[in-house]
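Heads up: the structure comes next, in structure tokens.
The values are calculated or read from the model by the stated rules, or taken from the named source; none is laboratory data. Note that the coordinates shown come from a computational prediction; the quantities given were computed from them, not determined experimentally. Every residue, glycine as well, gets a Cβ built from its backbone with ideal geometry; the counts of neighbours run over all protein chains shown.
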């Protein structure tokens, strides 16, 4: 179901293209057909194709079970075998309301169609749905589909509304493609950062503290520390200055910035301090402007580059929270660059170069999207938008980065470059973003003194390259499957003595590694060697260095590399140097 008039939806951005959209859209209708046949008491809401599959929402007092999904999928196959035609028709809103007289969800969709507008429907067999298409010719075209799971979903996405049951599925043009997709899902479940977070003791979220608020445990704290240290190192090389700003600010600051008017729904409620309203900060940019505006700046000082690992808080609805990847409190690797118009393109090029270094070191491929001016709601002149958009485009082309145009996808105040990372399973994740701001410099009066002695408005560049530490690390856990590269691994080496006779030698070996800057532990438990090795593998420690009585006189050890197995007996100095080099080069 998709509510509309006769004009069809824009399929240009659907992953896989129009053919896959048609298949999945049709599969959603076949799903609804099967459910209404098997469970006549249900009320149907709607269900579109989505990235990776399709879903349909139903209101039913009794929860659907896994057994129900098997039954529904079997009925779907019967409907496919009947090769029912998808029949298109047009009607009026009034006549359609008579058809769906007791279906409140369908009546809602009808109510938002403009009066007098054409209403389109599709029928297959006895099932009729409000829909603008497109579909395949008939149900028989569906050859490869699978229902995957059922979840709760608030009607219209609002927590104020009732909870519906959402049945998810997927469909592909061939069984081979479907099997490959299901294999990816199986692997993604193994790599789920919430599952690995529990198994590896990485992080936790506590109801007593609040949903969407992450507690970093020591192991993941070390991963974060290494990523932050790398980030700071590269930013200082790039001429950035580190700043730190308060976690709360007067509400007046967000009135000036426009955040209160435009983003008030995601800001936490005000607190009263000395009869003034304060807010926990949702963004760092106004505070960075405060630092810049604390004194005058000459054109000779520009560009000024401020960088902060700044923690912000935004109210996200509970239905969209997801482990570390969608949270309410997070730390942005935030930076703001204040420059002259002539410096803008070269500054963007510098940001792209720095971004590439960070992402390549973490083992990511990525793709860029140039998001242009929205069609209606935007601020600033067309000339300003053209100037900013061209600077972003030229920087991408100079950097030699392939990109796609996201027409109308810019923020209301600026065009931007959005960057999607591709993980080990081929999934894309939106993380880095680079924005040219046409709004805040005007609101706050952000100037530099030019060669003519007059004030000129600065160009302000927003950019986050990890995006947020919580989201980036959650994705990084899944990308690596918890097998972190040596340079960021919480424990880089576990020394495993074969028996108590080798314990002192194991401690000496650990001391050698520690002196070389390696994070090392000794497994001194009274366990069999096989159990120690197995536990080290389960904890995904990159190196296990096994030592026994024979190694004491020879000064040797027997290292094992995660993913490679036994490396053979070698002098201790050799394995120390190998690990040091892997850390130094930040190999991934």
**Message:** Could you check segment 228-287 and list, in sequence order, the residues that are on the phi > 0 side of the Ramachandran plot and touching a strand residue (DSSP E or B) at 6+ places or on another chain (Cβ under 7 Å)?
**Reply:** 239
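Listed here are the residues, each with its yes/no results for (1) buried (at least 18 other Cβ atoms within 10 Å of the Cβ); (2) in contact with a helix residue (DSSP H, G or I) (Cβ under 7 Å, 6 or more places away or on another chain); (3) assigned to a loop (DSSP other than H, G, I, E, B); (4) modelled with pLDDT of 95 or more.
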{"position": "477", "(1), (2), (3), (4)": "yes, yes, no, yes"}
{"position": "482", "(1), (2), (3), (4)": "yes, yes, yes, yes"}
{"position": "496", "(1), (2), (3), (4)": "yes, yes, no, yes"}
{"position": "504", "(1), (2), (3), (4)": "no, no, no, yes"}
{"position": "507", "(1), (2), (3), (4)": "no, no, no, yes"}
**Request:** Please go through segment 156-183 and pick out each residue that is within 23 Å of the chain's Cα centre (by Cα), modelled with pLDDT of 90 or more and in a loop (DSSP other than H, G, I, E, B).
**Result:** none
**Fill in**
Exception for residue 398 within (1) at pLDDT 95 or above; (2) under 30 Å from residue 229 (Cα atoms); (3) crowded, with 18+ Cβ neighbours inside 10 Å falls at (3)
**Request:** For segment 251-278, enumerate the residues that are more than 26 Å from the chain's Cα centre (by Cα), crowded, with 17+ Cβ neighbours inside 10 Å and more than 28 Å from residue 339 (Cα to Cα).
**Result:** 278
**Message:** As an exercise: evaluate residue 35 against (1) in a helix (DSSP H, G or I); (2) surrounded by fewer than 18 Cβ atoms within 10 Å (Cβ to Cβ) and give the number of the one condition it does not meet.
**Reply:** (2)
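Looking only at segment 233-247, count every residue that is more than 15 Å from residue 350 (Cβ to Cβ) and surrounded by fewer than 15 Cβ atoms within 10 Å (Cβ to Cβ) and tell me the total.
Residues in segment 233-247 being more than 15 Å from residue 350 (Cβ to Cβ) and surrounded by fewer than 15 Cβ atoms within 10 Å (Cβ to Cβ): 5 in total.
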**Prompt:** Listed residues 153, 96, 117, 81; which is more than 31 Å from the chain's Cα centre (by Cα) and under 22 Å from residue 53 (Cα atoms)?
**Reply:** 81
**Prompt:** Which ones in segment 189-220 are in a helix (DSSP H, G or I), surrounded by 14 or more Cβ atoms within 10 Å (Cβ to Cβ) and touching a residue at least 60 places away in the same chain (Cβ under 8 Å)?
**Reply:** 191, 193, 194, 196, 197, 219, 220
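Go through 564, 574 for me and flag whichever is within 25 Å of residue 480 (Cβ to Cβ) and either modelled with pLDDT of 95 or more or within 33 Å of the chain's Cα centre (by Cα) (or both).
564
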**Message:** Could you tell me how many of the residues in segment 432-473 are within 30 Å of residue 406 (Cβ to Cβ), in a strand (DSSP E or B), more than 25 Å from the chain's Cα centre (by Cα) and without any contact (Cβ under 8 Å) to a residue 40 or more places away in the chain?
**Reply:** 1
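Hey, among the residues in segment 3-18 that are at pLDDT 70 or above and surrounded by 12 or more Cβ atoms within 10 Å (Cβ to Cβ), which one's nearest to residue 122 (Cα to Cα)?
Out of the qualifying residues, it is 18.
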**Request:** Determine if segment 90-113 includes at least one residue that is assigned by TED's automatic domain parsing to the domain that holds residue 157, at pLDDT 95 or above and either in a strand (DSSP E or B) or surrounded by fewer than 15 Cβ atoms within 10 Å (Cβ to Cβ) (or both).
**Result:** no
**Asked** Looking only at residues in segment 222-232 that are more than 20 Å from the chain's Cα centre (by Cα) and farther than 14 Å from residue 586 by Cβ, which one is surrounded by the fewest Cβ atoms within 10 Å (Cβ to Cβ)?
**Response** 225
